[in-house]
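The values are calculated or read from the model by the stated rules, or taken from the named source; none is laboratory data. What you see is a predicted model, and the numbers here were worked out from it, not measured in a lab. Cβ coordinates were reconstructed from backbone atoms using ideal geometry, including for glycine residues, and neighbour counts include every protein chain displayed.
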Amino acid sequence: MLDQTALQRVARSVVARPSRGQAVVGVLLAVLGFAAAVQVSEVDSDDAYSGTRREDLVQLLQSLSVAQDRAAGRLADLEETRDALQLSTQQRQAALLESQERLDSLRLLSGQVAAVGPGVRITIDDPDGTVGAATLLNAVEELRDSGAEAIEVNEAARVVAQTWFGDGPDPADASLVVDSRTVSAPYVVEVIGDPATLAEATAFPGGLTDEAEALGGTVSVVTSDELRVESLAPARATSFAEPVT
Amino acid sequence: MIAVLGLLVGVLLGLFLEPSVPLALQPYLPIAVVAALDATFGALRALLDGIFDDRVFVISFVSNVLVAALIVYLGDQLGVGSQLSTGVVVVLGIRIFSNVAAIRRKLLHA
């Protein structure tokens, strides 16, 4: 039922000899096709809000700014918390460092760890067995007074606050008991502290040197830049004393 | 023949080049496209009626596009741009429908 004349006209125009008019029409239709394709791809690439009404956009913007305010408030809170935590961490680290230092010095003073440092090595020879516990105790007191931080006798007995000195079982065989440990002459006392002050503490008139030589012994003092005190004091548990908190 | 080829070439160019529409032209392009479609369907109808004339087509095409763009521009200046765009699209749509109906009647007698 197709209209033959209309179809023939279309067919004739399709196969017609190219003319200037047809070219112009072609150019215009090309422009139309181009514009339509561009517009279609433009609509495709537009974001989700292109078709949204103005009121909706305003509402969206408002809710976004409210959300942003809330997030900013939360951020400020979190930063505050972070700062407080950092501060407390720093304080805790400082306290930890301080207690670690205190622990180190207490362990050194109580003879629980080996010590190294400058000091003096005092050698007391006692050929006649006449130098006794009292002389050594006096010497230790003088050394402590001069700032001795670690003391050991004959590389076997560490001298700490609880250390006691006793004369040996036989007074003639030149031996002493330090903390139940028997040490024999020559007594080598290694002391860590300021070498000059420690040497001075043995040499003053009436001090260790004078006392030992009066008893028939000899004392030699050698200062050293690095002494090692490696013996340890026995660990003691307290039974009665408790720290007052 | 050349017309169909031109349409194809234009579509392909637009698809493959994917140029971005300048911001100043963005409100006018869709209306211009609809106006040009209207002119094209009018031309097809005239072709079937045997009264097609390329001079008429060129003038109607260009004037359709320009008038549509002018109306949208005027609407934008008056603050009723979107409403006027809708109006133009409706009018052009009606014209396209009536043209298509005429073409259909001509071709199918229905």
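How many residues are within 9 Å of another protein chain (Cβ to nearest Cβ) and under 30 Å from A:Leu7 (Cα atoms) if we restrict to region B:14-43?
Total satisfying the criteria: 7.
Quick grid of which residues meet (1) under 25 Å from B:Ile2 (Cβ atoms); (2) within 10 Å of another protein chain (Cβ to nearest Cβ); (3) aliphatic (A, V, I, L, M); (4) surrounded by fewer than 17 Cβ atoms within 10 Å (Cβ to Cβ):
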| position | (1), (2), (3), (4) |
| --- | --- |
| B:Asp53 | yes, yes, no, yes |
| B:Leu70 | no, no, yes, yes |
| B:Gly79 | no, no, no, yes |
| B:Ser85 | no, no, no, no |
| B:Leu107 | yes, yes, yes, yes |
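Checking the condition touching a residue at least 40 places away in the same chain (Cβ under 8 Å), crowded, with 17+ Cβ neighbours inside 10 Å and in the same structural domain as A:Ala139 (by TED's automatic domain parsing), which residue from A:Ala157, A:Ala161 passes?
From the options A:Ala157, A:Ala161, the qualifying one is A:Ala157.
Would you mind stating whether B:Ala43 is part of a helix (DSSP H, G or I) and more than 15 Å from B:Ile96 (Cα to Cα)?
Against the criterion (part of a helix (DSSP H, G or I) and more than 15 Å from B:Ile96 (Cα to Cα)), B:Ala43 does not qualify.
Does A:Arg74 fit the bill of being modelled with pLDDT under 95 and either exposed (fewer than 10 other Cβ atoms within 10 Å of the Cβ) or not β-branched (Val, Ile, Thr) (or both)? I'd like the intermediate steps shown before the answer.
On the way: modelled with pLDDT under 95: no; either exposed (fewer than 10 other Cβ atoms within 10 Å of the Cβ) or not β-branched (Val, Ile, Thr) (or both): yes.
The answer is no for A:Arg74.
Yes/no per residue for (1) at positive phi; (2) in contact with a Cys (Cβ under 8 Å, 6 or more places away or on another chain); (3) of a type outside the set (Ser, Thr, Tyr):
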site	(1), (2), (3)
A:Asp170	no, no, yes
A:Ala174	yes, no, yes
A:Val191	no, no, yes
A:Pro195	no, no, yes
A:Ala201	no, no, yes
A:Asp210	no, no, yes
A:Thr238	no, no, no
A:Glu242	no, no, yes
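In the set A:Val113, A:Val66, which member is aliphatic (A, V, I, L, M) and over 27 Å from A:Glu230 (Cβ atoms)?
A:Val66
Of B:Val90, B:Val62, which residue is within 14 Å of the chain's Cα centre (by Cα), farther than 17 Å from B:Leu25 by Cα and assigned to a helix (DSSP H, G or I)?
The match here is B:Val90.
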